[in-house]
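Below: the structure, in structure tokens.
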Amino acid sequence: MTLDIPALQADLQAKGIDVLRLIFPDVLGLTRSKDLLVSQLHNTKSPMFCQGVWVTTTGGDVLDGNHIMSSGLPDLLTQIDPNTLSMMPWEPGVAMVIGDAFNPDHSVSEIAPRSVLQSVIAQYTALGLTPIVGPELEFYIANYDETEGWSRSLSRTGRVYTTGESVDPGGQFLNLMRMLDGMDIGVFAGNHEFSPSQYEINLWHSEALDAADRTFLFKTAVRDIVARTGKHALFTGKPWDDEGGSGFHLHFSVVDQQGNNIMSDGGHGLSDIAHHMIAGLLENAGAIAALSNPTINAYKRLGPDTLAPYRANWGHDNRSAMLRVPPERGAGTRLEMRLGDPAANPYLLIASTLAAGLDGITRSLTAPAPVAGWAYEDNSAPILPMTLTAALDALDADTVMREAMGSTVIDVFSVLKRDEVKRYEDSVADKNTREVSQWEIDEYFADY
């Protein structure tokens, strides 16, 4: 991509923007950033970072994934994608933009999550297909006190699908919605969710890369906006023992070169290609679990009778299944992957989901029969990985993911996460407990 720096400078200055915040996701999905003075953009065409960012844990250690440490911590360079430019209404004079990451020789980084997703999308493009994605994320708003620790900002139960002062004292959530609207990232609705101080905000669907970008901008913005009120947005999957977890659901479909949704059979059923995608998703579900549920804590959300997935199954308009087929047909025909956790890196979650669907398409895999009723009782379907270790084992062994996404990013992800598992096991006496440990609170709450 050729970047017209003078045109970008002129556009930003005309909008009263004097600082451009360049952001990109690390492998964990955390936001890495640098503030650039707009007046000096002509001197900072490719802002540099250290590749140690790819292998830095949530605990602050730097590991030697992909030999980054042993090769002396080389640079990576970034390039602004002006199509991702977004205003920051809560920070006058500042705009946000996503950057692509490259190796020092300007070659594409095989670790950069955005590049990994672009590679998977290109494999769809080669077949004349375009994946469309609609993200749904839940999160909690929490208080933190040095003496009392973490607590939910609200305690009253039974407020699912509500808005207003009773679930939004002082209009904090209303302000959040307004700020997100000013970013023009496709936010269109929001409400209080099932558990006290849990919220969901809906984003429009779009082509997969754009959807991932908007999700990344959304999570980055929510954390920043909420933090300015003295509270914290928690995208951790299961922060509280006594309340439900939060999900990151993906609605997705494919369209042909004319933009026609090809997931329907023209009536009330699904097309062959939709059934192939379902089969691919079920066959690779274990590997997807690692990237969609990337923390120790995530597996305390999953299980039987939790309204989170437990078995690798699918059903029509069935929220107890891993994969739900919503009832809309025609242009609205789609699949809903319900496995994800909001701590997931949106680029890697979407890339792995699409890679599995692509596997089903290219091999014309046959989907099993849909589950009917309470899907947790579907003994014909395999149980999903119930620990991060089991999911990492499935990911490491999944040749489909390695071929579609590249082994480099999977190996680096595995290095980071197996270190996480070891640190957890070294610190927690009862490693099989379903209770949220202090280690998880310390490890995840500040970052996720």
task = Treating each Cα of the chain as an identical point scatterer and ignoring solvent, apply the Debye formula and state log10 I(q)/I(0) at q = 0.07, 0.10, 0.11 Å⁻¹.
result = -0.33, -0.71, -0.87
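Does the stretch 274-325 classify as rounded, prolate or oblate by the C-alpha gyration tensor (a ≥ b ≥ c root eigenvalues; a/c under 1.5 gives rounded; else a/b over b/c gives prolate, otherwise oblate)?
Taking the square roots of the gyration eigenvalues as a ≥ b ≥ c, the stretch 274-325 is oblate.
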ask   = Rounded to the nearest 5, what % of the DSSP beta bridges within the chain are antiparallel ones?
value = 85 percent
message = Can you tell me the length gained on complete extension of the stretch Asn432 to Asp184, counting 0.36 nm per residue apart and subtracting the Cα distance?
response = 84.9 nm
key: Charge dipole of the stretch 24-166 about the Cα centre (unit charges at C-beta), most positive-ward option of Thr84, Ile141, Ser153   = Thr84
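Under the 0.36 nm per residue contour assumption, what length would be gained going from the current alpha-carbon distance of Ala446 and Glu165 to full extension?
Working: separation 281, 0.36 × 281 = 101.16 nm, distance 2.68 nm.
Here the answer is 98.5 nm.
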note = Karplus ³J(HN,Hα) for the stretch 428-438 (6.51 cos²θ - 1.76 cosθ + 1.60, θ = phi - 60°; Hz, whole; x = Gly/Pro) runs 10, 5, 9, 6, 9, 5, 8, 7, 6, 8, 5
query = Which one of Asn345, Gln258, Pro326 is farthest out on the positive end of the charge dipole of the stretch 219-353, using unit charges on Cβ (Lys, Arg +1; Asp, Glu -1) and the Cα centre as origin?
reply = Asn345
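Among rounded, prolate and oblate, which fits the stretch 1-153 when a ≥ b ≥ c are the square roots of the eigenvalues of its C-alpha gyration tensor, a/c under 1.5 means rounded, and a/b larger than b/c means prolate? Intermediate results must be reported in sequence, preceding the final value.
Details: a/c = 1.28, a/b = 1.08, b/c = 1.19.
Rounded.
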ask   = Roughly what percent of Cα-Cα pairs across the stretch 377-421 reach past 17 Å?
value = 40 percent
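Using a cut-off of 9 Å between beta-carbons, work out the net charge of the residues near Ala321 (Lys and Arg +1, Asp and Glu -1, Ala321 not included). Please report the intermediate quantities before stating the final value.
Working: positive: Arg311, Arg319, Arg324, Arg338; negative: Asp378.
Summing Lys/Arg as +1 and Asp/Glu as -1 gives +3.
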Sum of side-chain charges, Ile98 neighbourhood, beta-carbon under 9 Å (Lys, Arg +1; Asp, Glu -1) = -2
request  = Compute the Cα gyration tensor for the stretch 169-289, then decide on rounded, prolate or oblate, letting a ≥ b ≥ c be the square roots of its eigenvalues: rounded whenever a/c is under 1.5, prolate when a/b is larger than b/c in the other cases, and oblate in all that remain.
outcome  = prolate
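Sum up the charges of everything whose Cβ sits under 11 Å from the Cβ of Thr295, counting Lys and Arg as +1 and Asp and Glu as -1, but leave Thr295 out. Spell out each step's value before the answer.
Numbers: positive: Lys238, Lys300, Arg301, Lys417; negative: Asp341, Glu420, Glu440, Glu443, Asp447.
Net charge around Thr295: -1.
A short reminder: the numbers here are calculations on the coordinates, not readings from a lab. Here the structure is a predicted model, which is why all the values come from computation and not from measurement. Using ideal geometry, Cβ is built from the backbone for each residue, glycine included, and neighbour counts are taken over all protein chains shown.
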